[in-house]
Amino acid sequence: MNAVRLARRFAVLCVLGSGPAMAADLGPITKAPPAPVAYSWTGCHAGAVAGGAWGSSQHIEDDTRRPAAFGLPLSNNFDVTGAVLGGTFGCDYQASGWVIGVENDISWTSVRGSGNLIPPLMPSANVFETKEKWLDTLRLRVGFTWDRWFLYGTGGAAFSDVGINLCSPRAVACGSSSQTVTGWTAGVGAEYAFWTNWSAKVEYLHVDLGTTFFPAIAEGSGSYLARDVKLTNEIVRVGVNYKFDWFAR
């Protein structure tokens, strides 16, 4: 009996003694690293954009002094081209993988182009020029995200300073005029958040500034006819944005 009791005590001591050794073999217990947090597009941003534009313009007679020619084209469609450079501000809200937001941008532009008066109305040496000084768009952006990628469609209102220059070899001086006009715009874009709160984008916009009426312009030996001027732009631009963490979640 004594031998049995001694054997039992020895076994218990062995088990108790092996506990610290087994714990040492297991090593320290560590937690798994947290899963990476997906990028959030919710917030407001400011940035800069730059690119190029091309499009077309046409002048159409709208002068009541010449009823027989009223509504006839004064020029064929002619090309306009130039650069755009400006700033952007907007806010977005992300719900699941979808993002909706509003964005406003205003840019200086050098868009311009010229064409000749269609004969036989007057000598073909008459030159018409259409130009833009600035362009402002106020648009909705709606799209889908894949973490740091944001693909979207965009559309809204467009505002611009549209001007004309009119010159004739028979005139003492050229005539010019400009107006602020309203139109519409629509396009698509892609944006990528490349570092913390910074993102880069590429964007295409179609801008239709409609038809603008310009009254007759007086000059030394007479006047230039009143006219309607059509203008459209196709714009491709790149930009960079910084997102503020005002609504961080």
*Which condition does G210 not pass, out of (1) surrounded by 15 or more Cβ atoms within 10 Å (Cβ to Cβ); (2) of a type outside the set (D, E, K, R); (3) on the phi < 0 side of the Ramachandran plot; (4) in contact with a Gly (Cβ under 8 Å, 6 or more places away or on another chain), if it passes all the others?*
(3)
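Looking at A38, A32 in this structure, which one is modelled with pLDDT under 85, surrounded by 10 or more Cβ atoms within 10 Å (Cβ to Cβ) and in a loop (DSSP other than H, G, I, E, B)? Before you say what the answer is, go through the steps one by one.
Numbers: A32 fails: surrounded by 10 or more Cβ atoms within 10 Å (Cβ to Cβ).
Sole residue among the options that is modelled with pLDDT under 85, surrounded by 10 or more Cβ atoms within 10 Å (Cβ to Cβ) and in a loop (DSSP other than H, G, I, E, B): A38.
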*Can you name the condition, by its number, that A157 falls short on among (1) surrounded by fewer than 14 Cβ atoms within 10 Å (Cβ to Cβ); (2) of a type in the set (A, V, I, L, M, F, W, C); (3) modelled with pLDDT under 95?*
(3)
*Matching option when the condition is outside any loop (DSSP other than H, G, I, E, B), farther than 16 Å from F214 by Cβ, at pLDDT below 95 and hydrophobic (A, V, I, L, M, F, W, C), among A68, A48*: A68
*Applying the selection to region 73-97, what residues are closer than 18 Å to G143 by Cα, over 18 Å from the mean Cα position of the chain (by Cα) and assigned to a strand (DSSP E or B)?*
Q94, A95
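Quick one: in region 177-207, which of the residues that are more than 24 Å from F144 (Cα to Cα) and surrounded by fewer than 15 Cβ atoms within 10 Å (Cβ to Cβ) is nearest to the chain's Cα centre (by Cα)? Write out each step before concluding.
Residues of region 177-207 more than 24 Å from F144 (Cα to Cα): 177-183.
Subsequent filtering for residues that are surrounded by fewer than 15 Cβ atoms within 10 Å (Cβ to Cβ) retains 179-180, 182.
Details: Q179: 24, T180: 21, T182: 17 Å.
Checking each candidate, the answer is T182.
Yes/no per residue for (1) closer than 18 Å to Q94 by Cα; (2) of a type in the set (A, V, I, L, M); (3) surrounded by 14 or more Cβ atoms within 10 Å (Cβ to Cβ):
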{"residue": "F150", "(1), (2), (3)": "yes, no, yes"}
{"residue": "V162", "(1), (2), (3)": "no, yes, yes"}
{"residue": "L225", "(1), (2), (3)": "no, yes, yes"}
{"residue": "G239", "(1), (2), (3)": "no, no, yes"}
*How about region 220-243: which of its residues are aromatic (F, W, Y) and modelled with pLDDT of 95 or more?*
Y242
*Which residue, of A186, A226, is small (G, A, S), more than 22 Å from T81 (Cα to Cα) and in contact with a strand residue (DSSP E or B) (Cβ under 9 Å, 6 or more places away or on another chain)?*
A226
*List the number of the failed condition for S56; all other conditions in (1) modelled with pLDDT under 95; (2) of a type in the set (S, T, Y); (3) part of a strand (DSSP E or B) hold.*
(1)
_Take G115 and tell me if it is part of a strand (DSSP E or B) and at pLDDT below 95._
yes
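The values are calculated or read from the model by the stated rules, or taken from the named source; none is laboratory data. From a predicted model like this one, the values you see are computed outputs, not experimental measurements. Counting neighbours? That spans all protein chains shown, and the Cβs are built from the backbone with ideal geometry, glycine included.
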